[in-house]
Each structure stands twice: as C-alpha cells, then as structure tokens.
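Enquirer: Can you read through this structure? Questions will come right after.
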Amino acid sequence: MHEKSKILVVDDVLITRRLMKAGLAHCFDVLDAESGEDALSMLEALQPAAIVLDVEMQPGIDGFETCRRIREDSRFAYIPIVFVSAREAVEDRLSGYEAGGEDYIVKPFSALELEAKLQKLIDAADERRRLNGLAHAASSAAMTAMISMSEMGALLEVIKQLGAAASLRELADAMLAGLGLYGLQGGVQLRTAAGVLTRSSDGEASPLEVSVLDHLVTMGRLAQFKNRMVINFPAVSLLVRDMPQDDEERCGRLRDHLSMLAEAVNVHVESLAVMAEARRRDDLIVQVALRMTQTLGDVDRAQRDNLVAGRVALEGIRQRIDEACVSMLLTNSQESLLNRALDEGIDALLNSQSDISDLQDMLSRMVVELRQVSGVVH
C-alpha cells in the first residue's frame, strides 16, 4: 500500500485545524501544531512533505516569521510551505513570498484546491531533490575526475623523470619524489643481481625500515593494513606509511596510480640491470681487444725481426762458403756447381719467406685496426 505523505497544519484555531485534517486525511497523513514555536520543535522528528501555515497566530510568532526560521535551517529548506490567511492584499502575498513560501491561499478555500496545490508542490519538491542529487553526483564525479587527472598528470611527470635516472639510487629517489607529489611518505627497495638498495623519504633507510621491507616482500602484489600499504614487484617494493584510510575513494586512486608507478620503476630497474650487464660485457670485450692488440703486435714485430735476421744469416752463409771455396782449392767447375746449388737453396728459402711476408702484412693491418677499435694510440 502506498504510504501517504505527511502534512503539518499550523494554525492557532482548533476548529480550523480539525477541518483541514478532515478535508485532507483521505490523501495525506495530517499532523497539526497550534503555534509557530510548536511547529519548529516538531520538524526534526516529523520531517513533513509540506506545511500549511496560518499567517496570523496569537500568541507567539506569526506565520511569516515561522517560515523565515524554517528556511534558515538547511535541513528543511526544501519543504514546500503554503500560507493560508483571510488577508488577500498584494502586500501580504509579497510578504509570504519574501518569507520563503511557495503559495498563498485566501480563506475560505476549497479542500480540493488545497489538496491539489499540496500534491503539486510535493511532487515538484521531490523532483528538485532528485535533480539536486543528480547535480551533486555529477559535480562530485567531475571533481573526482579533475583530481584524478591531476594525480595522473603527476604520475606521468614522475614516470618521465624515471627515464633520466642513471643509477639505482637516482631511480629510488625519483620514485620517492613522486610519492611526495601525492603528499605521502614511505620507503622503497630496489633489488638486482648486484645487490639491494633501500631508501626512504627521510633519506637513508634505517635498519628497522630495511628489515620491514625485507619482510613485506613476501606479502603479495599489494597489501594494506590500516594506513600502511605495500606494493611488490619482482625488482621493487614500495611502502607507503600514511595512506588516507578515511577517504576510500582517494585510497583507491592511490592504489592504482602507485601500482603503475611501481611497475614503471620495476621496468627501469630491469633496464638498468641489462645496461649494467652490457657495459660489463663491453668492458670485457675492450680488455680482450687490448690484450689481443698487444699480443698480435708483439708477434708481428717478432716475425718481422725473424725475417730480417734470416736474410742476414743467409748472406753470412754465402760469404763463408765463398771463403771456404778458395781455401779448398776447388776447380772452377766444382765451385760453379757448389754456388749454383747454394743459390737455388737461398732462392727457394727467400721465395717461401715472400709468401710469409704477405701474411705478415695482413697481420700488421689487423693490428692497426684493433688499435683503432680499442682506442689505443700507437
């Protein structure tokens, strides 16, 4: 069954109140008060859908003053008020309007007329409340969107700054600076194969903060206990000390934004680790290239020295043989035969050294190129 709307009838004349109750009872739940003061005291408990208010009441405050006091309280500002009075001057109607009334009926009046006016005013008041609620919700949603956009802008700025971090310490400090943009404090732990770095909003992490973060790594991806929250990724753990637990909507946004921040830092930690490994390998390659350059340079010089020494030795052999031929009293034909055999052997040996010289030249060019690549100034 549809519940009747509550109507408060305020009039200092008992018979008038009874007549109104009788005339309106079939469609409204009618309650009455004999003075403005009584009506004001009943409002909080009664919460009427509309008020029918007599203008002239004795003793105490009149209807206009009663209406003004009702309108001063924001809790009852939406309640429609209909004045009833025997006075019909324009000035009286204006006074009713200025006091905050919605309608003004002159006595005597029809109960059907009053019923129709009250129902129309109640429906209009309900619609106003509904629209105000929608407007408030839209305003709240717009404000939330603006705040969220501002917070997202802060997040994007921090993520942009992360790209400039060249070390784990710079990365950790950039992350904590981002946390500060949200008005929050906490600590961060970054983990790589080379070691673990723990920093806090106060600078160096205390031993207790380090032990707490070491423990929180096992808490799963995200955990919150009262105003503390931890976000874990493989290479990053972020601890927030002062989450606004009394503002669940903001807490939700912060969880989303800080999770994205932690994930971005996790990517940068892994990137820094890859870059560090690449630099280590580059250093090793340079060191190997330097050793190869030195070794091949030594080999090149030794082989060239050996070629020169070999040629000198051959010339020495030829000279000694010529001297021996004189002392052995060889005939001309014997000496020619011996010299021819010696020349053929030396030519064969020099030809083989010529082949080696080509390889030697290639080795020399390779040594020069290695020196250029490794930055060695000859």
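The values are calculated or read from the model by the stated rules, or taken from the named source; none is laboratory data. Remember, it's a predicted structure, so these values are computed and weren't measured experimentally. Virtual Cβ from ideal backbone geometry, glycine too; neighbours counted across all protein chains shown. With ligands, DNA and RNA removed, areas are computed over all heavy atoms of the protein, side chains included. Shrake-Rupley method; radii C 1.70, N 1.55, O 1.52, S 1.80 Å.
Enquirer: With the condition kept exactly as written, say whether any residue in segment 277-285 is open to solvent by 80 Å² or more (accessible area, probe 1.4 Å), hydrophobic (A, V, I, L, M, F, W, C) and either within 18 Å of the chain's Cα centre (by Cα) or more than 28 Å from Gly195 (Cβ to Cβ) (or both).
Expert: no
Enquirer: Taking the condition outside any helix (DSSP H, G or I), at pLDDT 85 or above, in contact with a helix residue (DSSP H, G or I) (Cβ under 8 Å, 6 or more places away or on another chain) and not charged (D, E, K, R), does Gly101 pass?
Expert: yes
Enquirer: Are any residues in segment 36-58 in contact (Cβ under 8 Å) with a residue 12 or more places away in the chain and surrounded by fewer than 19 Cβ atoms within 10 Å (Cβ to Cβ), and if so, which ones?
Expert: Residues satisfying the conditions are Glu37, Asp38, Leu40, Met42, Leu43, Glu44, Leu46, Gln47, Glu56, Gln58.
Enquirer: Restricting to segment 160-197, name every residue that is more than 24 Å from Arg228 (Cβ to Cβ), part of a strand (DSSP E or B) and among the hydrophobic types (A, V, I, L, M, F, W, C).
Expert: Of everything in segment 160-197, nothing turns out to be more than 24 Å from Arg228 (Cβ to Cβ), part of a strand (DSSP E or B) and among the hydrophobic types (A, V, I, L, M, F, W, C).
Enquirer: If you don't mind, there's one more thing I want to ask. Checking Val196 against (1) of a type outside the set (Phe, Trp, Tyr); (2) within 22 Å of Leu272 (Cβ to Cβ); (3) open to solvent by less than 60 Å² (accessible area, probe 1.4 Å): exactly one of these is not met. Which one?
Expert: (3)
Enquirer: Is at least one residue of segment 18-32 aliphatic (A, V, I, L, M) and assigned to a strand (DSSP E or B)?
Expert: Yes: one or more hits.
Enquirer: Being open to solvent by less than 30 Å² (accessible area, probe 1.4 Å) and without any contact (Cβ under 8 Å) to a residue 12 or more places away in the chain is the filter here, so list the residues in segment 199-225 that pass it.
Expert: If the condition is that a residue be open to solvent by less than 30 Å² (accessible area, probe 1.4 Å) and without any contact (Cβ under 8 Å) to a residue 12 or more places away in the chain, then Gly203, Ala223 are the ones that fit.
Enquirer: Let me ask another. For Arg87, which of the numbered conditions (1) of a type outside the set (Val, Ile, Thr); (2) under 17 Å from Leu121 (Cβ atoms); (3) not in a helix (DSSP H, G or I) fails to hold?
Expert: Exception for Arg87: condition (2).
Enquirer: A further question on this structure: Is there any pair with a first residue in segment 71-82 that is assigned to a helix (DSSP H, G or I) and a second that is open to solvent by 40 Å² or more (accessible area, probe 1.4 Å) and not hydroxyl-bearing (Ser, Thr, Tyr) whose Cβ atoms are under 9 Å apart and which are 6 or more apart or on different chains, and what are they?
Expert: Final answer for the pair search is Arg71/Ala77; Arg75/Glu44; Arg75/Gln47; Phe76/Glu44; Phe76/Gln47.
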